[in-house]
1. Please go through region 68-92 and pick out each residue that is in a loop (DSSP other than H, G, I, E, B), of a type outside the set (A, V, I, L, M) and within 22 Å of the chain's Cα centre (by Cα).
2. What's the total number of residues in region 141-173 that are free of Cβ contacts under 8 Å to residues at least 60 places away in the same chain and under 21 Å from Pro20 (Cα atoms)?
3. Scan region 138-152 and give yes if some residue there is charged (D, E, K, R), in a loop (DSSP other than H, G, I, E, B), at pLDDT 95 or above and within 23 Å of Ser191 (Cα to Cα), otherwise no.
4. Does Ser191 satisfy the criteria of being hydroxyl-bearing (Ser, Thr, Tyr), over 15 Å from the mean Cα position of the chain (by Cα) and either surrounded by fewer than 20 Cβ atoms within 10 Å (Cβ to Cβ) or within 15 Å of the ligand (Cβ to nearest atom) (or both)?
5. With the structure loaded, tell me whether Glu36 is surrounded by fewer than 24 Cβ atoms within 10 Å (Cβ to Cβ), in contact (Cβ under 8 Å) with a residue 60 or more places away in the chain and touching a Lys or Arg at 6+ places or on another chain (Cβ under 8 Å) or whether it fails that test.
6. For region 85-102, indicate whether the set of residues that are touching a residue at least 24 places away in the same chain (Cβ under 8 Å) and surrounded by 20 or more Cβ atoms within 10 Å (Cβ to Cβ) is non-empty.
7. Specify the residue that is surrounded by the most Cβ atoms within 10 Å (Cβ to Cβ); the eligible residues are those in region 108-117 that are assigned to a loop (DSSP other than H, G, I, E, B) and within 14 Å of the ligand (Cβ to nearest atom).
8. Could you tell me how many of the residues in region 201-220 are more than 15 Å from Glu17 (Cα to Cα) and buried (at least 23 other Cβ atoms within 10 Å of the Cβ)?
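The values are calculated or read from the model by the stated rules, or taken from the named source; none is laboratory data. Model, not experiment: these values are computed from the prediction. Cβ placement follows ideal geometry from the backbone for every residue including glycine, while neighbour counts extend to all protein chains displayed.
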Amino acid sequence: MKTDTIISIEAEPYPFEFSPPTCALLIIDMQRDFLEPGGFGEMLGNDVSQLRRTIEPNRNLLAAWRANGLAVIHTREGHRPDLTDLPPAKKVRGRSKTCIGDSGPMGRILVRGEAGHDIIPELYPLPTEPVIDKPGKGAFFATDLHAILQNRGIKQLVVTGVTTEVCVNTTVREANDRGYDCLVPSDCVGSYFPEFQEMGLKMIKAQGGIFGWVAPSQALLSALA
Ligand code: TIU
């Protein structure tokens, strides 16, 4: 695709204009422990179906990005096996009997290299797609994401994944402060809590798009077809 092609799609609060070669698809934390029945998320009492409905729309968007040869980046939330990058405050937060680093249903919880920490098979990264291992909720904190985006000349991001109000929102805010335009496809992000899904999206597009834009993924798919 030519670098000077500008595509405009219907979005809120106003149309999102982007140049595909400088717009990366950033898929946040579509990890087995958050999405799969029997994982850490479900063990904490969450309804994983609220997140699983995002798998198919993400698959379609990922296929479109790949078909057009555009940049795709994946993230995973997790920690080193020795937990030296796990803040003590994060370790004890929630007062759960089972916490990060402990043995869970799919290996040690949110530890790199464990089955539950990995990305779900439906959206598995290609070897050419960078995977950012992040210790926090935001994808920029303590990672090389910003450097990777700058090296590739990326200026805009389509941010998808889970959860809408936690890692997606934090990442969009971090990206916005670093000068990236962010579009969030509403059906490609999910929350365990329907009210947070709604408000998480409203917070992004409010006040003239204070953090970014929101649109259904079909708008992107139609534009890229
Ligand atoms: N990826 C992400 O959002 N991590 C979380 O901890 N989310 C929760 O909703 N807890």
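1. Asn68, Gly69, Gly78, Arg80, Asp85, Pro87 - these are the residues of region 68-92 that are in a loop (DSSP other than H, G, I, E, B), of a type outside the set (A, V, I, L, M) and within 22 Å of the chain's Cα centre (by Cα).
2. Number of matching residues: 5.
3. no
4. no
5. Taking the combined requirement at face value, the residue does not satisfy it.
6. no
7. Leu110
8. So the answer is 1.
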